[in-house]
1. Counting only helical runs of four or more DSSP H residues, what would the 222 nm mean residue ellipticity of the chain come to if each run contributes -39,500 (n - 2.57) and the total is spread over all its residues?
2. Mind ranking 316-324, 147-155 by how tightly packed they are, going by the mean number of other C-beta atoms within 10 angstrom, highest first?
3. Around F357, which amide H atoms from residues at least 5 apart in sequence, or from another chain, sit under 5 Å from its own amide H, with H modelled in the peptide plane?
4. Classify region 143-200: rounded, prolate or oblate, from the alpha-carbon gyration tensor (a ≥ b ≥ c, eigenvalue square roots; a/c under 1.5 rounded; otherwise prolate if a/b is larger than b/c)?
5. For region 239-244, what does the Karplus curve 6.51 cos²θ - 1.76 cosθ + 1.60, with θ = phi - 60°, yield as ³J(HN,Hα) per residue in whole Hz, taken in order and with x for Gly and Pro?
6. What percent does the relative contact order of the chain come to when contacts are Cα pairs within less than 8 Å and at least six residues apart?
7. For C343, what is the net charge nearby, where nearby means another residue's Cβ is under 9 Å from its Cβ and Lys, Arg count +1, Asp, Glu -1?
8. About the Cα centre of the chain, how large is the charge dipole given +1 on each Lys and Arg Cβ and -1 on each Asp and Glu Cβ? Please answer in debye to the nearest 20.
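No lab work stands behind these numbers, since they all come straight from the coordinates. Keep in mind it's a predicted model, so treat the numbers as computed, not measured. Cβ sites come from the backbone with ideal geometry, for glycine too, and all protein chains shown count toward neighbours.
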Amino acid sequence: MKQLICGGLVACLCLRLCSASSPDLAAAIKTVRAIGAEGRGNAEASVAWKTLAASDLSQLTTILGGMDGADDLIANWLRAAADTIVSRETAAGKKLPAGDLLAFVRDTNHHPRARRLAFELVARIQPATTEKLLQGMLDDPSLELRRDAVDRVIADAARAFDAGKKPETIQRYQQALQKARDVDQIQSVARKLRELGETVDLPKLFGFLTQWKVIGPFDNAEGKGFAAAFPPEKKIDLAAEYDGKSGKVRWSDYVTKNEFGMVDINTICEPLKSVTAYAYAEFVSDKARPAELRLGCKNAWKVWLNGKLLWEREEYHRGMQIDQYHLTGQLQPGRNTILVKACQNELVEKWTVEWQFQLRVCDHLGTAILPAGAK
């Protein structure tokens with residue numbers, strides 16, 4: 001008996017020595033969060049990570065909380081530590097702290113990825129609880145959890161359809177469409193609704209800008225047009241006429257009928273190479289607010305909001321998809337101006353001919369921001 005007691009005391013002491021104390025844990029998290037560009041702080045972070053990974057399950061949510069406000073690189077470090085703890089401790093027969101994890105999931109101020117991991121861990125041991133949680137997550141700031149909640153509504157719609165309940169099917173799909181933020185989910189649900197005879201306004205749902213003024217072509221020989229500041233970059237004068245690549249150029253009206261907001265510059269400037277064009281749009285906001293301009297473009301491009309360059313990318317024919325680039329800006333009350341510059345290089349293969357872009361205005365979750373007065 002004495003040996004058992006002594007052995008138990010030794011094991012307990014060992015556990016305390018191996019697990020980080022609260023100050024040690026906080027210091028280790030701070031060190032990992034200090035990782036900088038080009039590997040700065042990696043050596044120190046590697047030592048700190050071992051301290052985190054040696055923690056027990058009671059400290060799991062503290063480590064997950066360290067992801068709050070962190071970028072993807074730091075979040076990956078902390079996620080790896082959490083995964084290590086869970087694998088080791090559960091393999092040893094220890095139980096996940098369901099109550100702590102559940103409270104963490106419910107606190108929407110935590111990092112979306114951290115909440116997602118906590119949700120998955122709760123689902124291992126209390127699947128009924130997480131299923132119930134999903135019912136209230138259609139507006140969740142975690143896009144991954146929101147996607148799961150939308151999937152649940154889509155499944156309800158499919159069951160209603162199989163039961164021959166068309167009105168309920170439509171209602172469920174419409175609910176899913178309004179709450180979905182992932183492009184593939186939206187496209188899938190829109191297709192289902194159209195098969196049921198419903199009208200879906202995808203440009204409005206996404207917030208694509210469809211009315212533009214376009215001017216060009218200006219020169220881009222040897223790629224020099226990307227850096228060159230042609231007149232539209234200096235001043236927007238929609239009545240002006242300028243010297244273009246091969247003659248005078250003027251602004252032309254362009255309205256895209258593409259449901260994903262595609263602006264095909266070739267339809268205005270003809271399919272040309274080594275050229276530059278500009279597209280201009282105005283957006284009336286009912287208030288000042290942060291916004292994202294989400295761009296899809298396979299040409300070299302620059303985007304300005306209210307005269308401020310948000311971002312640029314000098315890369316050609318990389319491929320294109322919706323929400324390829326997220327540009328963060330600030331809308332001002334009333335009239336806002338958006339200018340897009342798109343350049344073509346000299347390649348002439350068929351896959352280089354496309355000269356186009358798509359742009360939508362939304363919040364950080366992808367919810368469309370519509371112009372004031374839009375119906």
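1. -13000 deg cm²/dmol, from helical runs alone.
2. Descending packing order for the listed peptides: 147-155, 316-324.
3. Here V263, I265 satisfy the definition.
4. Oblate shape, in that a/c is at least 1.5 and b/c is the bigger or equal ratio.
5. So the J values, rounded to whole Hz, are 9, 7, 10, 10, 7, x.
6. Reported relative contact order: 12 percent.
7. +1
8. I would put it at about 660 debye.
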